[in-house]
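The structure appears right after this line, and notes come after that.
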Amino acid sequence: MIVVRFAPSPTGYMHIGNLRTALLNYLYALNQKAKGEEIKFVLRMDDTDTVRSKIEYENAVYECLNWMGMKWDRLEHQSKRLDRYHEVLEQLKKQGRVYACYETAEELEYKRNRLLHRKLPPIYDREGMRLTQEQIKAYETEGRRPHYRFVLEHNEMAWDDIVRGHCSYQGQNLSDPIIVREDGTFPYMLPSVIDDIDFGITHIIRGEDHVTNTAVQIQMFKALGAPVPVFGHPPLLTGKEGKLSKRTGSVSFRELRADGIEPMTIACLLAKLGTSVAPVIENSLEKLAPHFDLADFGRAQPHFDTDDLFKLNPRIVHALDLKQVNDRLKAQGKSEITEAFWNAVSPNLAKVDDVELWSDICNNDHVYKLDDADREFVRQTVDLLPQGEFDENSFSTWTSKIKEQTGKKGKDLFHPLRLALTGLEQGPELKMLLPLMGREKVVARLKG
C-alpha cells in the first residue's frame, strides 16, 4: 500500500506552489497504482493556527482539488487531534526526549545574534536541560511559562531522497526543535510526525524547504518506534516575485480558471516543470501518471510563468474528448455540441469557452461587413457553389471553380471568403465549417 498526503495550512488561498505539491503526490501515487500497487491519498488540514486558519481558505482547498480531479480517500484536521498530540508528548517526556525551556523570545534572539556575531552556527545551547529546581521555580514565579524542545541525538540522520539522492545531517549541527510553544500550542514538527504514523503515510513528497525538518523528524519517527517514510524534496517554484507564497500575490487556481486555463494544462506543465522533459499532452491525470517520474526532477529551482500555460492550453483543449466538453457545457446549462463541430473548431480554440463564439458563427444568422471590392468578389462566387449538401470536399471544389473564373488565388481568394463567412481573420479550416453552416447561411453571408 502506497499512502501519500497533502497537508495544507488553511491560512491563505492556495497558490500554484501549493497545488504543485498536491499534484506531485497524487501523480506519484497514480504512477505506483499503474504498476499494481494499492494507493491512498490523504488530505490533512494543518489548522492548529486558530488565529489565521479560516474556513474560506479550507473550502478553497477542496474547490481546487476537485477542479483538478484529485480525489482524497481520507480527510483529517489537526485541530481535532490535540489530545493525541498531548498523549505522545507525555510519552516522549517519559523517554527523556523532551525538556522544558524558559527563555523569552527576546532572550533567544539575543543568544542567536551573539553566536552569529562570533561567526558560529545559531544552535540552541540546551540551557533548559541545566536548570535547577530553584531556577525553574523562580521563572514560574515571574509568570514565565515553558516551551518544550525535542532532544536530538548527536548522530547521523540520513536518508535516500527520491529527488535529491543521499542526504545526511549531523544531530550536533542542529538545534533541538521547539515542539510546544509557551502558550501550549503545537508548531508543525511533532504533530506532522504523529499524523504520518497514525495515518500510515509511506511516502512524503514536499518542498525542499522541509529538508532540514526531515532530518529532525527522522529522529522523531525512530523515538516513537515507527518506520521512517520515503521522502522526496523537489525544488521550490519561483515566480515573478521570487519564491511563491500565499502572501506575495502568487497566481491562484481561481485566476487561472477564470482565464480559461484547463486543469490538465496545469497538470501537464507542472508534471514536467523542473525536468529536462517537455510536457506530455494528456486529457486525464490517470493517463498522465505513467509519464511522471520524480527521478526526472533536477536540483535547480524551476521558474513558473503563466505565459507557458497560455501557450500550452490550446494543445490541451484540442486533446479533450467530446464527452468531457459536453459534460462541462451541460453543467453550465449550455447546449451540447456535435462531434463534427468539435473536430472542426477544436484545433483553433485557445480555451473551451471559445466554443460559444464558433457555435454562434456556425448556427446563427450573421452578415459580416466587407469593403466594396471584397463584397463584389464574394457575390460572384455564389453561383459557383457546389450543388446539394456540403461536405468536406465542397470547399475545394468551390475554390477551384473560383480560381478558374476569376484568376484569384492565395490570400486574394481565401481572405475575402473567410471574412464573409466568419467575420474573422483566422479560424478553423473553411472546408470543415461549410458543412456546419449549411447552404442557406453561406449564400446569405456571401450576398450580404
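Please go through the residue pairs LYS33/LYS272; LYS40/LYS80; LYS35/LYS287; LYS411/LYS447; LYS33/LYS240; LYS272/LYS311 and name each one whose alpha carbons sit more than 24 Å apart in this structure.
Working: LYS33/LYS272 19 Å; LYS40/LYS80 21 Å; LYS35/LYS287 13 Å; LYS411/LYS447 20 Å; LYS33/LYS240 36 Å; LYS272/LYS311 15 Å.
Distance filter (> 24 Å) returns LYS33/LYS240.
Keeping all protein chains in place, calculate the accessible area per residue for the stretch 38-82 (probe 1.4 angstrom), answer in Å².
On the way: 2330 Å² over 45 residues.
Solvent-accessible surface per residue comes out at 52 Å².
Select one label from (1) 70, 59, 49; (2) 108, 45, 39; (3) 61, 51, 49: the one whose number is Cα extents along the principal axes in Å as derived from the coordinates shown.
The calculated read-out lines up with (2).
Within the P(r) computed for the stretch 374-448, what percentage of the Cα pairs occupies the region above 20 Å?
Values: 494 of 2775 pairs.
The answer is 18 percent, as a whole percent.
What size of dipole, in debye to the nearest 20, comes out for the chain about its Cα centre when the only charges are +1 on Lys and Arg C-beta atoms and -1 on Asp and Glu C-beta atoms?
Dipole of the chain, to the nearest 20 debye: 480 debye.
Stick to the Cα atoms of the stretch 153-252, pair each with every other, and give me the Kirkwood hydrodynamic radius in Å at one decimal.
Details: mean 1/r = 0.0664 Å⁻¹.
Its Kirkwood hydrodynamic radius stands at 15.1 Å.
Any lysines with Cα under 23 Å of the LYS119 Cα? List them, leaving off those in the same chain fewer than 8 positions away.
LYS111
Given a 1.4 angstrom probe, I'd like the percentage of the accessible area of the chain that is carbon and sulfur, rounded to a whole number.
Values: 10630 of 22360 Å².
Taking all protein chains in place, the chain shows 48 percent carbon and sulfur surface.
Note down the net charge around LYS351, summing +1 for each Lys or Arg and -1 for each Asp or Glu among other residues with Cβ under 13 Å from its Cβ. Please list the in-between numbers first.
Numbers: positive: ARG257, LYS311, ARG315, ARG328; negative: ASP259, GLU262, ASP353, ASP354, GLU356.
Here the count lands on -1.
For the chain, what proportion of DSSP beta bridges, expressed in % and rounded to the nearest 5, is antiparallel? Intermediate results must be reported in sequence, preceding the final value.
Numbers: 15 of 29 bridges.
DSSP beta bridges in the chain are roughly 50 percent antiparallel.
Under 12 Å from the Cβ of TYR26, count the other residues' Cβ atoms, weight Lys and Arg +1, Asp and Glu -1, and hand me the total. Each step should come with its number before you reach the end.
On the way: positive: ARG5, ARG20, LYS33, LYS40, LYS71; negative: ASP73, GLU286.
After counting each charged neighbour, the total is +3.
Starting from the Cα-Cα distance between SER168 and ASP383, subtract it from 0.36 nm times their residue separation and give me the gain in nm to one decimal. Can you show the working numbers first?
Details: separation 215, 0.36 × 215 = 77.40 nm, distance 8.08 nm.
Here the segment from SER168 to ASP383 would lengthen by 69.3 nm.
Tell me, what does the Kirkwood hydrodynamic radius of the stretch 330-410 come to in angstroms if you use every pair of distinct C-alpha atoms? Walk me through the numbers on the way to the answer.
Working: mean 1/r = 0.0647 Å⁻¹.
Evaluated over the stretch 330-410, this radius sits at 15.5 Å.
Tally Lys and Arg at +1 and Asp and Glu at -1 over the other residues with C-beta under 15 Å from the C-beta of ASN326: what net charge comes out?
On the way: positive: LYS323, ARG328, LYS330, LYS334; negative: ASP321, ASP327, GLU336, GLU339, ASP353, GLU356.
Within the 15 Å Cβ shell, the charges total -2.
Under the Karplus relation 6.51 cos²θ - 1.76 cosθ + 1.60, θ = phi - 60°, what is the ordered set of whole-Hz ³J(HN,Hα) values for the stretch 145-151, x standing for Gly and Pro?
Along the stretch 145-151, the couplings run 10, x, 9, 10, 10, 8, 7 Hz.
Using only the Cα atoms of the stretch 22-172, construct the convex hull and provide its projected area averaged over every direction, in square nanometres to one decimal. Mind showing how you got there, number by number?
Details: hull surface 56.0 nm².
Result: 14.0 nm².
The values are calculated or read from the model by the stated rules, or taken from the named source; none is laboratory data. Since the structure is predicted, the reported quantities are computational estimates derived from the model, not experimental observations. All Cβ positions, glycine included, derive from the backbone under ideal geometry; neighbour counts span all protein chains shown. All accessible areas refer to the heavy atoms of the entire protein, side chains included, with ligands and DNA or RNA removed. Shrake-Rupley method; radii C 1.70, N 1.55, O 1.52, S 1.80 Å.
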